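For reference, the structure is listed below as structure tokens.
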Amino acid sequence: MSDTRKLYVRSFGCQMNVYDAQRMTDTLAKEGYVETDSPDDADLVILNTCHIREKAAEKVYSELGRLKKAQEEAGRRQMVAVAGCVAQAEGGEILKRARGVDLVVGPQSYHKLPELLADAARRGHNRRAGIVETEFPVEDKFDFLPPPTPAAIAKRGPTAFVTVQEGCDKFCTFCVVPYTRGAEVSRPLAKILDEVIRLAEAGVREVTLIGQNVNAYHGADAAGRTANLPELVRRIAEVPGIARVRYTTSHPRDMDDELIAAHRELPALMPYLHLPVQSGSNRVLAAMNRKHDRELFFDIVARVRAARPDIAFSSDFIVGFPGETEADFTETMDLVERVGFASAFSFKYSPRPGTPAAGMGEQVPEAAKSERIHALQALLDRQKAAFDAACRGRRFDILLEKPGRFPGQLIGRSPYLQSVVVEAPLEAIGTLAEVEVREVSTKSLSGDICGGEFFGERPARESRFIGQGEKLEA
Ligand code: 5AD
Ligand code: SF4
């Protein structure tokens, strides 16, 4: 198709949605769609939704209402598609609850977007009845989703997400993921490597491997065997141009010896691990069907720290799970105190339709949930502030990613994903700089460049990262 149409994609929720949004954009670029930053300007708006908590899911309806109103006020007609996990979970219900939706499309059907949109457009001319596509088709969507062009990769900067695994077989009793994203599926090793090579050739330096249960990765390799995550990371670290590898999100049960050893052996694997624990109470962990207890979590943290002393941890927590008592919550606070996190996400339990926990008795009152989340977040904020403060005066490799707020400034990321502001020219974007951290604020660090790929030979000074373990002993 030769006519140019404008596309606006808004993603809610997790990093997989960010990745999916890019793949949808790449698919539609072939159909003549170009991206715009403004929904009001777009011929097609895609809301890429999240169903993990009620608040996230409700956002789609307020956004749909806002779009409808803006369309009516401007007297213009846009195509509107709802994608992502709300689409998968609620399907045709969305058409009943919100007017003006042309297409509801689940995450396994994004490769069919061009035909679905053409179909929806044809219908739109006759009657306003939306299309719903939430099947889990037999074909692998990744075989049909086109790769981004080198120009698109360059525009997205030197870091990229790559989905390596999708879905989850763990069935934690609070979680919708096994229902919205389906059973665990891993992409074949060769296809992931091809994608990473293409990204690296276009200038990407850091790859984050993503999956709902990424450390359970078990993709087929060329010899017909199964490759695990440590092997995948090793192969990706060897791709010319790739300097850093990360992976997220992991389950404690799948942190095996080989993966822990990879943290010791592969300098490209960043010393920062997001490892959701959810609760510090064994009673609650059992009711959540987490398949691990607090002792296993402590053991993993100790083993990972022994392998890579500079590692820092982040995690996810849920407070107010059905039946959680004050004593259970105290166990969570105790776990946080003992481990020490560089950063973390914490949530009030939100009952999700169709999950076992939604039907459990002993739902915790809202007031208790609020009190507990405030206490937990205050502790986690203190730990984050202490971790950031301990970075002052240290030297890190920073990957310079984009221009800063003021001319002459660039923003990069530390190994621990902290934003770091430095004075450097635009040409240094995409390079690793050695930076001494000078100032620390709640939002970012700032520092001085001492050397690096763009700036020439580094001074022969010892550079070392700090891990949370060191900070706690200090
Ligand atoms: N309520 C609150 N938080 C949830 N999470 C997942 N499901 C729920 C729920 N029903 C949180 C978990 C998970 C993160 C992605 O979202 O902490 O790790
Ligand atoms: Fe959800 Fe548990 Fe699977 Fe994570 S491991 S996606 S929390 S069911």
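The values are calculated or read from the model by the stated rules, or taken from the named source; none is laboratory data. Quantities reported herein were computed from a predicted structural model and do not represent experimental measurements. When we count neighbours, we look across all protein chains shown, and the Cβ atoms used for this are built from the backbone with ideal geometry, even at glycine.
Hey, I242 hits all of (1) of a type in the set (A, V, I, L, M); (2) crowded, with 18+ Cβ neighbours inside 10 Å; (3) closer than 21 Å to A344 by Cα but one; which does it fall short on?
In the conditions (1) of a type in the set (A, V, I, L, M); (2) crowded, with 18+ Cβ neighbours inside 10 Å; (3) closer than 21 Å to A344 by Cα, I242 misses (3) alone.
Which one is surrounded by the most Cβ atoms within 10 Å (Cβ to Cβ), of the residues in the range 156-176 that are at positive phi and within 16 Å of ligand 2 (Cβ to nearest atom)? It would help to see each step written out before you state the result.
Of all residues in the range 156-176, those at positive phi come to 157, 167, 171.
Narrowing the set further to residues that are within 16 Å of ligand 2 (Cβ to nearest atom) leaves 167, 171.
Working: G167: 21, F171: 13.
Step by step, filter the range 156-176, then rank; the result is G167.
Give the residues of the range 299-328 that are under 30 Å from Q363 (Cα atoms) and out of contact with any Leu (no Cβ under 8 Å at 6 or more places or on another chain), sorted by residue number.
D316, I318, G320, F321, P322, G323, E324, T325, E326, A327, D328
Which residue pairs have Cβ atoms under 6 Å apart, sit 6 or more places apart or on different chains, and have a first residue in the range 368-397 that is surrounded by 16 or more Cβ atoms within 10 Å (Cβ to Cβ) and a second that is modelled with pLDDT of 95 or more and in a helix (DSSP H, G or I)?
Partner pairs satisfying both residue conditions: R372/F329; L379/V336.
In the range 210-223, is there at least one residue being within 16 Å of ligand 1 (Cβ to nearest atom), in a loop (DSSP other than H, G, I, E, B) and of a type in the set (D, E, K, R)?
Scanning the range 210-223, I find no residue that is within 16 Å of ligand 1 (Cβ to nearest atom), in a loop (DSSP other than H, G, I, E, B) and of a type in the set (D, E, K, R), so the answer is no.
Of the residues in the range 204-234, how many are within 16 Å of ligand 2 (Cβ to nearest atom) and not aromatic (F, W, Y)?
10
May I ask you to list the residues in the range 267-276 that are part of a loop (DSSP other than H, G, I, E, B), free of Cβ contacts under 8 Å to residues at least 60 places away in the same chain and of a type in the set (A, V, I, L, M, F, W, C)?
Listed by number, the residues that qualify are A268, L275.
Does K55 fit the bill of being surrounded by fewer than 20 Cβ atoms within 10 Å (Cβ to Cβ) and in contact with a Ser or Thr (Cβ under 8 Å, 6 or more places away or on another chain)?
Values: surrounded by fewer than 20 Cβ atoms within 10 Å (Cβ to Cβ): yes; in contact with a Ser or Thr (Cβ under 8 Å, 6 or more places away or on another chain): yes.
Criteria met by K55.
If you go through the range 58-94 one residue at a time, how many are assigned to a helix (DSSP H, G or I), crowded, with 19+ Cβ neighbours inside 10 Å and over 23 Å from the mean Cα position of the chain (by Cα)?
So the answer is 3.
Residue-wise test of (1) modelled with pLDDT of 95 or more; (2) near ligand 1 (Cβ under 10 Å from one of its atoms); (3) touching a His at 6+ places or on another chain (Cβ under 9 Å).
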position	(1), (2), (3)
G323	yes, no, no
F329	yes, no, no
S343	yes, no, yes
F347	yes, yes, no
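Within the range 400-428, take every residue that is surrounded by fewer than 20 Cβ atoms within 10 Å (Cβ to Cβ) and hydrophobic (A, V, I, L, M, F, W, C) and give me the one that is farthest from V204 (Cα to Cα).
Within the range 400-428, the match that is farthest from V204 (Cα to Cα) is F406.
Run down R234, R290, R264, R283 and say which single residue is under 28 Å from R352 (Cβ atoms), away from ligand 1 (no atom under 16 Å from the Cβ) and either at pLDDT 95 or above or assigned to a helix (DSSP H, G or I) (or both).
Only one candidate passes the filter, namely R283.
State which residue is nearest to ligand 2 (Cβ to nearest atom) when the search covers only the range 177-196 and only residues that are among the aliphatic types (A, V, I, L, M) and either modelled with pLDDT of 95 or more or outside any loop (DSSP other than H, G, I, E, B) (or both).
Within the range 177-196, the first condition is being among the aliphatic types (A, V, I, L, M), and the residues that meet it are 177, 183, 185, 189-190, 192-193, 196.
Checking which are either modelled with pLDDT of 95 or more or outside any loop (DSSP other than H, G, I, E, B) (or both) leaves us with 177, 185, 189-190, 192-193, 196.
On the way: V177: 4, V185: 13, L189: 22, A190: 26, I192: 20, L193: 25, V196: 24 Å.
Checking each candidate, the answer is V177.
Take the range 303-345 and flag every residue that is within 14 Å of ligand 2 (Cβ to nearest atom) and not in a strand (DSSP E or B).
Result: F321, single match.
Return the residues of the range 97-117 that are small (G, A, S) and touching a helix residue (DSSP H, G or I) at 6+ places or on another chain (Cβ under 6 Å); say none if nothing qualifies.
Within the range 97-117, A98, G100, G106 qualify.
Can you tell me which residues in the range 172-207 are among the hydrophobic types (A, V, I, L, M, F, W, C) and in contact with a Gly (Cβ under 6 Å, 6 or more places away or on another chain)?
At the first step, the residues of the range 172-207 found to be among the hydrophobic types (A, V, I, L, M, F, W, C) are 172, 174-177, 183, 185, 189-190, 192-193, 196-197, 199-200, 202, 204, 207.
Residues satisfying the conditions are A183, V185, L189, A200.
Considering every residue within the range 27-47, establish whether at least one is under 18 Å from A152 (Cα atoms), buried (at least 18 other Cβ atoms within 10 Å of the Cβ), of a type in the set (A, V, I, L, M, F, W, C) and under 23 Å from the mean Cα position of the chain (by Cα).
Yes: the range 27-47 contains one or more residues that are under 18 Å from A152 (Cα atoms), buried (at least 18 other Cβ atoms within 10 Å of the Cβ), of a type in the set (A, V, I, L, M, F, W, C) and under 23 Å from the mean Cα position of the chain (by Cα).
Looking for whichever is of a type in the set (A, V, I, L, M), more than 30 Å from A89 (Cα to Cα) and within 15 Å of ligand 2 (Cβ to nearest atom) here; the options are L379, L296. Which one fits?
Sole residue among the options that is of a type in the set (A, V, I, L, M), more than 30 Å from A89 (Cα to Cα) and within 15 Å of ligand 2 (Cβ to nearest atom): L296.
Can you tell me which condition A81 does not meet? The list is (1) within 16 Å of ligand 1 (Cβ to nearest atom); (2) modelled with pLDDT of 95 or more; (3) small (G, A, S), and all the others hold.
All conditions are met except number (1).
Pick out, from the range 346-424, the strands (runs of 3 or more DSSP E) lying fully within it that include 3 or more residues that are among the charged types (D, E, K, R).
395-403
Out of the residues in the range 21-57 meeting the condition of being within 16 Å of ligand 2 (Cβ to nearest atom) and in a helix (DSSP H, G or I), tell me which one is farthest from L145 (Cα to Cα). Quick ask: steps written out before the conclusion?
From the range 21-57, those within 16 Å of ligand 2 (Cβ to nearest atom) are 50-54, 56-57; that's our starting set.
After this cut, where a residue has to be in a helix (DSSP H, G or I) as well, the list is 54, 56-57.
Numbers: E54: 30, A56: 27, A57: 26 Å.
Top of the filtered list is E54.
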